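> Got a structure here, written out as structure tokens. Questions coming.
The values are calculated or read from the model by the stated rules, or taken from the named source; none is laboratory data. None of these values were measured; they are calculated from a predicted model. Because the Cβ atoms are built from the backbone with ideal geometry, glycine has one as well, and the counts that use them run over all protein chains shown. Side chains included, ligands, DNA and RNA excluded: accessible areas come from the protein's heavy atoms. Shrake-Rupley method; radii C 1.70, N 1.55, O 1.52, S 1.80 Å.
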Amino acid sequence: MTDPALIRGIGLFVPLLVVAGMLRYRAPVRLEIAALILGVGWNALVLAAVNAVALSAGWWAFEADGGVVAGIPVDLLLGWAVLWGGVGVLALRWLPLPLVVGLTAWIDLAVMPLGEPVVRLDNSWLTGEVVAIATALVPGLLLARWTVSGRHLALRVTMQGVLATGLMMVLPVVLSDVPSRPGWALAIVVQLALIPGALAIAAVVEFARTGRGTPLPYDPPVHLVTSGPYAYVRNPMQTAMAFLYLLLGILDPRFLLGVVVVMSYGMGLAAWHENVQLRELHGGAWTRYRSSVRPWLPRTRPYPGMPPAVIWIAHECGRCAPVAAWFLRRSP
């Protein structure tokens, strides 16, 4: 019988070594880094969901000691994600998408039965493979290819939003004590979470609409975004995430660590990386915006460089007159 530790080691380190070799053979450009991050992230998230369904449906089961979360060995999950979202994405440099899908799926079909005794396959395991290929492999490769080619911006932004929500919100909540809290407490937190959630969505939409880019730093907007939420606060997405974790911290105090992580990332690595990148891309426009808009504390009035807007109010409407007067008194 094959040593389970050897199987788990091969499942994790072989894909990692192959990716390292491919990157050493040809260093990635910025958009390839973005594609690699998105490919691995998408597959990690979706394969976690597929494996949870597989355990429930009986497609396969795992027999592993240590490093297991919700019945799934984390090392095998990461190796699987790196194989499909790392090796597969980098293979798109030389091979067409259908061939990459076929070869990657063939490798997976050949390797899965060799996972005994860590992986116990049921007679219906091919159903799970089809589901995984359709929901993880193919969409992950498409997202990577669109990112490198700069196509389908709306789809890319939508998939990035799904990925970020899944990895930073849904997965942590599912694995936490939040679902076990009383229904009334969950209802209150969900309703309050709509406020920072709307802020985050508005910021992402503004990136795509006016900036022609995505929230991922390696696939940034082409134009400097100073409108929408960005007219009031420089980091609306990170601010929204900090507030969301703060609300979840009411139900599970461990989420308060998420607030610390988000703010540390925003004030540290993200601030350094984005300042350098945005200064190179936008020069004086970025410097003026950065000096006028704070990263966390919102302005009471929008950034002066924000594009002009028009509010239409019907003068013949009696109920609208107080609203019009309210706006006019404040010289918008």
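> What residue, among those in the range 1-46 that are touching a residue at least 12 places away in the same chain (Cβ under 8 Å) and aromatic (Phe, Trp, Tyr), is least open to solvent (accessible area, probe 1.4 Å)?
For the range 1-46, the residue satisfying everything is TRP42.
> Which residue out of VAL323, VAL293 is within 22 Å of GLY266 (Cα to Cα) and aliphatic (A, V, I, L, M)?
None of the others qualify; the one that does is VAL293.
> Follow-up. Looking at PRO179, PRO172, PRO117, can you tell me which residue is over 27 Å from the mean Cα position of the chain (by Cα) and farther than 23 Å from LEU90 by Cβ?
None of the others qualify; the one that does is PRO117.
> Take the conditions surrounded by 17 or more Cβ atoms within 10 Å (Cβ to Cβ) and either at pLDDT 95 or above or closer than 21 Å to ALA309 by Cα (or both) and apply them to VAL225. Does it pass?
yes
> Follow-up. Pull up the range 49-74, narrow it to residues that are in contact with a helix residue (DSSP H, G or I) (Cβ under 6 Å, 6 or more places away or on another chain) and part of a helix (DSSP H, G or I), then point me to the one that is surrounded by the fewest Cβ atoms within 10 Å (Cβ to Cβ).
If we take residues in the range 49-74 being in contact with a helix residue (DSSP H, G or I) (Cβ under 6 Å, 6 or more places away or on another chain) and part of a helix (DSSP H, G or I), then VAL50 is surrounded by the fewest Cβ atoms within 10 Å (Cβ to Cβ).
> LEU278 is checked against (1) closer than 29 Å to ALA185 by Cα; (2) touching a residue at least 40 places away in the same chain (Cβ under 8 Å) and fails just one. What number does that condition carry?
The number of the failed condition is (1).
> Could you please let me know if ARG319 is exposed (fewer than 14 other Cβ atoms within 10 Å of the Cβ), charged (D, E, K, R) and in contact (Cβ under 8 Å) with a residue 40 or more places away in the chain?
So ARG319 does not fit the description; no.
> Applying the selection to the range 186-214, what residues are touching a Phe, Trp or Tyr at 6+ places or on another chain (Cβ under 8 Å) and exposed (fewer than 15 other Cβ atoms within 10 Å of the Cβ)?
Scanning the range 186-214 gives a single hit, ILE195.
> Can you tell which of TRP312, TRP272, TRP286 is under 19 Å from PRO220 (Cα atoms), loosely packed, with under 11 Cβ neighbours inside 10 Å and out of contact with any Gly (no Cβ under 6 Å at 6 or more places or on another chain)?
TRP272
> Ok, one more. Mind listing just one residue for me: the one in the range 241-254 that is more than 17 Å from ILE195 (Cβ to Cβ) and not acidic (Asp, Glu) and, of those, most open to solvent (accessible area, probe 1.4 Å)?
ARG254
> State the number of residues belonging to the range 113-132 that are in contact with a Lys or Arg (Cβ under 8 Å, 6 or more places away or on another chain) and aromatic (Phe, Trp, Tyr).
0
> Still on this structure: Against the condition within 16 Å of the chain's Cα centre (by Cα) and open to solvent by 80 Å² or more (accessible area, probe 1.4 Å), how does TYR265 come out, does it pass?
yes
> Return yes or no: is VAL82 at pLDDT 95 or above and not in a loop (DSSP other than H, G, I, E, B)?
yes
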